[in-house]
Each structure stands twice: as structure tokens, then as C-alpha cells.
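Engineer: After the C-alpha cells below, expect a handful of questions from me.
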Amino acid sequence: MSAVVKIAFRNLRRNARRSFMTMSAIAVGAAAMLCFGQFIAETILEFQTGVVRQNGHISIFHAGYFDFGAGNPAAYGISDYPSVIRLIGNDPVLKPLIRVATPTISMFGIAGNYGVDASTTFSGNGYVPADLRKMGSWDRYGLFRGWPPIPIGITDSDESVGVIGVGIARILGECAALHVANCPTPPRVADVSPAIGAAPPDFAELAKRDMTSVAPVHHGAPRLDLLTATSQGAPNVASFFVIGAESQGIRAIDDSYVRMHFNLARRLLYGRNSTEATAIVLQLNSTADLALAQERLQFLLKSRHLNLETRDFTQLNPFYAQGEQFLGAIFIFIASIMAVIVLFTVVNTTSMAVLERTNEIGTARAIGVQRSTIRWQFALEGSLLGGIGATAGLVMAQLIGLFLNALHISIAMPGSSQPSRLILLTSSTAAPLMIGVWLVLVVVAIMAAWVPANQAARMPIVDALRHV
Amino acid sequence: MNWHSARWFGLGAAFCAAMLAHGSAQAASAAPSPDAILRAADIVRFPQQPFRLTNTLVEYINGKAHDRVVLSVYSKPDPATAEFNTLVRYVEPPRDAGKMVLFNGTNLWFYDPASKESVRISPQQRLIGQAADGDVVTTNLSRDYAATMLGAESLQDADRANRDCWHLDLKPKAPGAVYARIEIWIERSSSRPVKAKFYSDSGRMLKIAYYHRYSQVLDAVRPTETIIIDAVDVNLVTTMTTADFVAQAIPDAWFQRDFLPRVP
Amino acid sequence: MAKEAGRDVVRFLNVVKTYEEGAVNVTALNGVTLAVRRGIFSMIVGPSGSGKTTLLNLIGCIDRPTTGTVEVCGQAVAGMSDRAITDFRAHKIGFVFQGFNLHPVLSAYENVEYPLLLLGLNARERRKRTIAMLEAVGLYDHRKHRPNQLSGGQKQRVAIARALVKEPELVLADEPTANLDSRTGASIVELMRRIQREHSASFVFSTHDPHLMSHAEETFMIRDGQLVDHRVENGA
């Protein structure tokens, strides 16, 4: 067998230029597959990091909330969330997996800046500040090393402050106060309706008797009135001080987004003395633990007869799941094309070699070399082309990756609120990809060489010897 | 019809109907119990028998009249619960004519004659516009709230006249009440409500109501106009004026949601 | 390696070989019956197109007869599988080609050693035999050279060494001196003679070379696919 290997290597050198061209084609194909694959992988992981930072891995809801709760969040609250969090936190299986377990509130209502006659529907999100900050520091894949933490806008020292989306800030005329750039003030709708009836009575005097003007600004932060209906169906209103406007990426969200302290949201939606939340969010240390955590959680909830259901972040963010699938499909499509090109290249090269060595093949067969040995000879040469070419491609990809990373390019991913850095993974998460691409190309090369190799083996000896 | 327009006067009007009532009870004794005072005020505001009336709502923004709606209101105590069920039909403006709102028990239904469909209005959807005004004028205060006496006060009514009033503080008797707290001033001599302030669970004031233009309506002297000042949207004031008050027998069927297409 | 007992190393009985050339059926051998004796120089002669090469191919077991019996080294080759026949060739038959047919990427040493790998001998045995063979053909000093570094005569000597290193029962040579000048050709013939005597191998040639023909101990003349003459020389 070592003779076969020895001969294979020497044959590669025999027509060095052709071998080099073939291996280069394979190398380029390998490098392209790897760079693209790494780009896709990095995109997906960055996307995932963003989602997990904001929404954790698993959300626990009152049963039925996921399907119907958006229409009436108040009716689908989790009562006594502290005990549920305690239950989860004390579970021996879940405890080492969980990084953050926090209650959240989702609600909607009317936000008004009545000083300028502006009001609009808002979508309120209540978080516990310390937990949200911790969630925002999740960086399992090391993509944001060295980046400063993003300010969350809510704080435990004052539960009435928070942030809103840029779109809703614009609609409510808060751009100037929040220092948002490129933001026109909303037009005051001119009152063109004719005066109706007799001159109206003096309401201003009546109103003034009781209207203690609620302080419009609180340490420089403008005030909004948040109006909602409680779980009992009663109207409720709270003052909310906005300390910043934060773009939310997707316009529909940006036009209604309000982030507030959990307690403010809870009091608004469920009343002052409530212990209800709309969801409990769990962030795990690692996404790989998701299936295990889900399973254990279901078991735990069912065993305590709690009427709660769970959803993971892919179910809550169909965009993420779709994005992951889509990107994966593109990669497979492109990788397949590359593989086919490699296949054709190697078939061509091996066929030419077989043709040139017809006489040699005939001689070997006459001397007593078996057909299978001839077959293996050419297959091995094909696999050497594939192996060396793929290895060269791996090295090329690493170099390209290091180069691109050093350039610190930023790209805005679709749907995200900020541009992120383009990194090609040169870390351990790229290893399976590299091994996979390498193996695929070597297998493709062997397969490609097999048909001409088979032809060589089956050549009638007499005809082969007649060749010069 | 735009669900979220500020033209939900109908709802306010619906409940406002209960305001004009038939009752007697001029309870003017020395230091009666707070609940008795409240009950007396309720009787001044709404009658105990079926009736219909015309309600005119005018919305003022920044002091200027902005919008005007005229409604026909039919109200009747429910045979089972003694709660008032109310059916409101839009008369003006023409584009809303024929639309109806039904309040029976705790559900609010909107009916559109063009589609002949009725839809339930959720509490969220009642937030905007004047839907909540209805709560201000209809709420059966003595039934839903427990009163405590804060003292005797003198205050100016909507026409700047001084009135000697009992100042009561109301807290809900059961969860499900619309307001977390109400302050109400009731004239001591006549049990007429003069003014009320309505608060949300967070402690913020939601609305201020002034009841005035008392005149003989049917068998009692009742307020024919209520001024509602929005304490959140400070530019907004609504007036509700009742007229054409008539005691009338109304079929129970009218207060069924399924019957709405057939109400004449 | 024990040699088969028996007088003949090759036996043909009414062998016919036809093949298709385009749409035409060509008969290369038309009922040939012969026997080749062991341990001598045998020659096959005839004009081109006579079926000479076909006959050699059949003797070398690199082709099969259409009908008839072919027996080589006492073995009827008719029913054998390709694997079995290839193995048979590896052990029993050595080839020397007109064009030398050395493996271009292997050195002289490696070319000579190559058939021994097919026999599964251990490294020490292979080395012993290879070196012995190289020395026998006088090319030990050139053992590391590649074929493109050797002259025609040297290449043919390597080819002979290769054919004989496995001590085959039968050596076939198709025009072995055709590509060599007369002096080199003569020395090759001498070499083959010497080796044939030393190893008692059976040699079957086809040739036009008169010098080689003069060494023939038995001659078979072929014409138009038939054996037309058979001569025994030198009192063998």
C-alpha cells in the first residue's frame, strides 16, 4: 500500500502545473465556503446574542397567554411570580443552567403628551433594572468583548423613569427634549371646525380650582401620561419621565415602544398591591442547555400543577428562526455549488491523467497489478488533490478572516437597532465548520476521481498497451 | 366608524341617562350616615324606573367647542340584578346616525347598522375618547362604593354659587369597580351632588365632574348638565346635557345583544 | 519456488480469437494448436498483421481466446476470474516490452522491486533479490536513476531485471530489441541468454531481430492467423 501512496505523491509532482491548478481551484472553493460559512455563522450568533440579551432564552406565561394574551394582557397574568421564581431557582437541575430569572410586564395603552396635544398608543415593557442589565451582558460567543455595556434607561433609584422609541418620541413631540436628531416637530392640527352653539362657559376657571399641575419635567426629563386599563377593566394613569429615546430597529416597534421599571408597569396594569407579572423570563448561561432546561421546566411546572406555559426564544421571535433557516439554506446552496465545481475540476484532472497513463496502466495490469489497486491509485490521487487543496483553503480562510477582523468593518444587520462589527469567527465555534468543509471536499474529490479511476481499472489490457 | 376616535360620546351619554332620574328622597337631616347621604345623592341623579331621554354631548378642546353628538338613551333596571341596562342610539351627526351602544351588566357592545354586527368593547378600547365618561355619570355609587365622611365643607359649584356640602370619600366595595377612589361633595340640604373627583389606582386624578343646571325633570329636581374635566388630557372638557326626559316602558328584549338589529 | 513438472510451458488447442473493429469482425487467430517446451528460447515469427501479437497476448494471459483451450504453466486459463488471472500473472509471467514500459516516477531500483511487492515478500527478501537482479544486469550503480535518466539499453536492462526478479516460469518479450541499436541489442540478447540459463526460465519472443532469431531453439511461424511452420533448432 505504501507504494500506492508513494506513487500518488510522485504523480502529483509529475504534472506540477496541472496539480497546482486543480489544488488551487479546490483551495479557493474551500476558502470561499469557509469564509461565507463563518460569516453566516457569525451573523446567526450575533442575532441570537441580541435576542437572548433582550428576551432571554425561555419565557414563562400564564397558560393561553402566547395565543390570546396580546389582546388582554391583564387577564393572563402570572399570580405570585416571586414564588414561581423561587421554585425555579431552587431546582437542582435548573439552578446551574440559569443565569437570570426575572419577571416582566407587557402591556399597551395610550401615551399622552397633552401639553402639545399629542397622544398615541404605546406598547409598554416593564423590567427589573438590575436583571435587564445582567441580561444585556450575555456574550457566550465572545462577539462583543470589549464593547461598553448599552445603557438600559431604567433604574432602581427612580421607578418612574424610562426610555421610549425614537418613533414614539417623534409622534409625541419629545424630540427636542430628548436630543433626538433629524426629528421634525408634529404639526398642531388647526382647529377648523366651526364654533358650535353659544360662547362656552369659562372652563378654565373651573379646571384651575383643582388642577395641581403635575410637574412636567423631572430633573430635566420630560413627562408622559401613560393610560391603560387594569385587569379589572378600570382606567389607570401614571406619570412617566423619559430620559432618552432609543431606536428599536423595526419601525412598527419603534413607533410605540416604552421601557419602564417593572414596578411601575405592574402597578399600572395590576394595581398597587399586586404580585402579578405577564411573564417570567429565563436567561441561560448557554443556548446549548435550552432543550434540557425546557424539559425540566415543563416537568417542574406540571408537577406543581401550575397553570403556566413556556416558550423559547425561537418561538417568540419567528424572525430569528426564519433568519437562521434562511441563512443556513443559502450557505448550503452556495456550498453545494462550490462542491460541484470541485467535483468537475477533479473529474477533469483525473480523466486527463488516466488518458495520459493508459500505457502505464496496461503495463501495470500485465505485470500483475489488480484492478482494485489501479482504482485506488487514482482515487488516492484525487483525494490528495482534495486534501491538499482543502487544507490550503483552510489556511487561506484563516488569513482572510484575520485580515477582515483587523479592518473592524461594521455592518447593520437587518432588523437590528445598531450596526455591529463584522467578525469572521476564528474561534472554536468555527472548528466544526472547518472540519466539515474539509471532509466534504475530500469526499467530493474521491468521488470525482472514482469514475475515471474505475474506467482506468476496467481498461482492456491489450488496448491499453497499444497506446503509446 | 373609527373605533378609536374621540367620538365615544355615546358611551358617556348612555350612562348619563341614568343621571336624570325620578326619585324623591331629600334627605336633609343632621349628620346622617355617609352611605345614606350617598344613596340619597344617587336617587337625585337617577330614577328607579325605565325612561328615555335625549343627551347632547359637546367636546371642548382648549376652551373651543370641537365636536357635538346627540344621542337617544333608553334605560331600564334589569329584572334580575336591579342594575340599569342602557341602550344608546346615535342621532347626530348624520354619519353616525343609527349606530348603537348597549351596556348590560358589565359588557359594552357596539352595533353598526351598516354591517348589522355587534362587537364587544374591551376595557382597553374604552380608554380613549369619552367612553370613560360614561362611568363618571352612571356609576351606581352607593352600590359599588363604601362612603366615609371627611367633613362638612363649603365650596363653589359650577356657577360660582356657594354650597354647604358633605365631603365624602368613596372606596370600592369589591374589586371590579371602575375607580380606585372617588371624592364627592353632596349638598347637605338637598342631597344634590355638586362635584366629584375620580381617581385611578395609582392615585392620579382621572376626572372632575360638576353637576349643575338642576331643574324639575319628571318627578324630581335633577341635574340636567354635567361638566366633565379630563384631569389627564388637560385640554379636554366635555359637557353632557339631557333633555326630553320621558318615563317609558321599554321591552327587555331591547337590551339583548342579539336583538340589536331589530330595535326600531 | 518449485517449477511445475511437465514438458510444455504453453499449450494451445484449436484456439480462435476474433474481435470487433468498428462494424467488422476480424479473426486474428483461426484455430491455432501448438505446444511450447519449457526452459528454452522460443520464437514466434511472422509478418505484421499475422496474429503474432495476439498470440503473445494470449500466451501472456492478458487476453482470452474466443474459443479453444489455452494452458499456461500447466494451468487452463479458461474459467479463471480476472482477479485470479492477474494474480497468476503476478506470480508466473514476466513481461519485457518493446517500449520498455518502465514506471516513469519510480527509480530503477523501485521499478525492479515493484513486482516483488505484488508477491507480498518482506522487505529484506525484496532488497536481496532486487539488488541481485540489478547486479545481474549490471545496473546497480544506476539504481537511483529515473527512467528518463537512462539510455535505451539501460532501460531495457532494467525491464529485464523487473521481469525476472520474481523468478517467473515464463518470460514474454515482444520485440525486445526493436528500439535498440544493434550493439546494445546484442548485449541484451546475451544477457537474456545468460539469465535464461542461470534460472532455467522459459522465454518466448516475437522478433525481427536476426541476432535474436539465431538464438532461437524453437520457432513458430504464423501467417494469417494460423500456424504454418514449426522448427526446432540447436538440438534442444
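Read the figures in this text as sums done on the coordinates, not as results from a lab. Predicted model, so just to flag it, every value in this text is computed and none were measured. Backbone-built Cβ (ideal geometry, glycine too); neighbour counts: all protein chains shown.
Engineer: Pulled fully out, how much extra length does the chain show between A:Met211 and A:Arg272, if you take 0.36 nm times their separation in residues and subtract their Cα-Cα distance? The partial results should precede the final answer.
Structural biologist: Values: separation 61, 0.36 × 61 = 21.96 nm, distance 2.33 nm.
Working it through step by step, the gained length comes to 19.6 nm.
Engineer: While we're looking at this one, here's another question. Going by amide H atoms built from the backbone, whose H comes under 5 Å of the H on B:Ala231, apart from near neighbours?
Structural biologist: B:Lys207, B:Ile208
Engineer: Just to be sure I understand: with springs between alpha-carbon atoms less than 10 Å apart, which residue in C:Glu190, C:Glu71, C:Glu218 has the highest mean-square fluctuation in the Gaussian network model of chain C?
Structural biologist: C:Glu190
Engineer: Follow-up. What is the fewest-to-most order of C:Cys73, A:Cys183 by other Cβ atoms lying within 10 Å of their Cβ?
Structural biologist: The most exposed by this proxy come first: A:Cys183, C:Cys73.
Engineer: Same structure again: Residue farthest toward the positive end of the dipole of the protein assembly as shown, with Cβ of Lys/Arg at +1 and Asp/Glu at -1: which of A:Phe344, A:Leu306, B:Pro50?
Structural biologist: Of the options given, the answer is A:Phe344.
Engineer: For region A:64-306, compute Rh as the Kirkwood radius over C-alpha pairs and then the Stokes-Einstein diffusion coefficient at 10 °C and 1.306 mPa s; write the answer in µm²/s, rounded to an integer.
Structural biologist: It diffuses with D of about 78 µm²/s by this estimate.
Engineer: Let me ask something additional. By a straight-distance test (C-alpha under 20 Å), which lysines pair with C:Lys52 as possible cross-link partners, with residues fewer than eight away in the same chain excluded?
Structural biologist: C:Lys17
Engineer: Then there is this: Could you pull out the pairs from B:Lys64/B:Lys116; B:Lys116/B:Lys171; C:Lys92/C:Lys128 whose alpha carbons sit more than 30 Å apart here?
Structural biologist: B:Lys64/B:Lys116; B:Lys116/B:Lys171
Engineer: Starting from the Cα-Cα distance between A:Asp202 and A:Leu402, subtract it from 0.36 nm times their residue separation and give me the gain in nm to one decimal.
Structural biologist: Once the chain is fully extended between A:Asp202 and A:Leu402, it gains 64.6 nm.
Engineer: Two decimals is fine: what's Rg over Rh for chain C, C-alpha atoms, Kirkwood radius as Rh?
Structural biologist: 0.96
Engineer: OK, next. As a test of the formula, what do you get for the protein assembly as shown when each DSSP H run with n ≥ 4 contributes -39,500 (n - 2.57) and the sum is divided by the residue count, at 222 nm and rounded to the nearest 500 deg cm²/dmol?
Structural biologist: Rounded to the nearest 500, it is -11500 deg cm²/dmol.
Engineer: Another question about this same structure. When A:Tyr320, B:Tyr210, C:Tyr19 are ordered from fewest to most other Cβ atoms inside 10 Å of their Cβ, what list results?
Structural biologist: Neighbour counts put them in this order, fewest first: C:Tyr19, A:Tyr320, B:Tyr210.
Engineer: If I require 20 Å or longer along the helix axis, counting alpha carbons, and a Kyte-Doolittle average no lower than -1.0, what helices from chain A are left? Use full DSSP H segments.
Structural biologist: In chain A, the long hydrophobic H runs are A:16-55, A:318-356, A:371-407, A:431-458.
Engineer: What residue among C:Arg183, C:Arg197, C:Arg64 has the largest mean-square fluctuation in a Gaussian network model of chain C, using Cα springs under 10 Å?
Structural biologist: Of C:Arg183, C:Arg197, C:Arg64, the Gaussian network model singles out C:Arg183 as fluctuating most.
Engineer: Expressed as a whole percent, how much of the Cα-Cα distance distribution for region A:45-182 exceeds 21 Å?
Structural biologist: 57
Engineer: Can you sort C:Glu110, A:Glu356, C:Glu217 so the residue with the fewest Cβ neighbours within 10 Å comes first?
Structural biologist: Arranged by neighbour count, lowest to highest, C:Glu110, A:Glu356, C:Glu217 become A:Glu356, C:Glu217, C:Glu110.
Engineer: Still on this structure, I have one more. Straight-line reach from A:Lys302: which lysines have a Cα under 26 Å away, not including same-chain ones fewer than 8 places off?
Structural biologist: Excluding near neighbours in sequence, the set is A:Lys95.
Engineer: While we're here: Relative to the Cα centre, what is the charge dipole magnitude of the protein assembly as shown, using +1 at the beta carbon of each Lys and Arg, -1 at the beta carbon of each Asp and Glu, and rounding to the nearest 20 debye? Don't skip to the answer; put the middle values down first.
Structural biologist: Working: 93 positive and 84 negative charges, 649 e Å.
The dipole magnitude comes to about 3120 debye.
Engineer: If the viscosity is 1.306 mPa s and the temperature 10 °C, what Stokes-Einstein diffusion coefficient in µm²/s follows for the protein assembly as shown when Rh is the Kirkwood radius over Cα pairs?
Structural biologist: 42
Engineer: If the cut-off is 19 Å between C-alpha atoms, which lysines fall inside it for B:Lys173, apart from same-chain ones fewer than 8 positions away?
Structural biologist: The qualifying lysines are B:Lys197.
Engineer: Region B:163-203: which trypsin sites (Lys or Arg not before Pro) are DSSP loop and have at most 16 other beta-carbon atoms within 10 angstrom?
Structural biologist: Details: sites: B:Arg163, B:Lys173, B:Arg181, B:Arg188, B:Lys195, B:Lys197; in loops: B:Lys173, B:Arg188.
Passing sites in region B:163-203 are B:Lys173.
Engineer: Could you compute the longest span of chain A free of trypsin sites (Lys or Arg not before Pro) located in DSSP loops and having at most 13 other Cβ atoms within 10 Å, not counting the site residues?
Structural biologist: A:305-468
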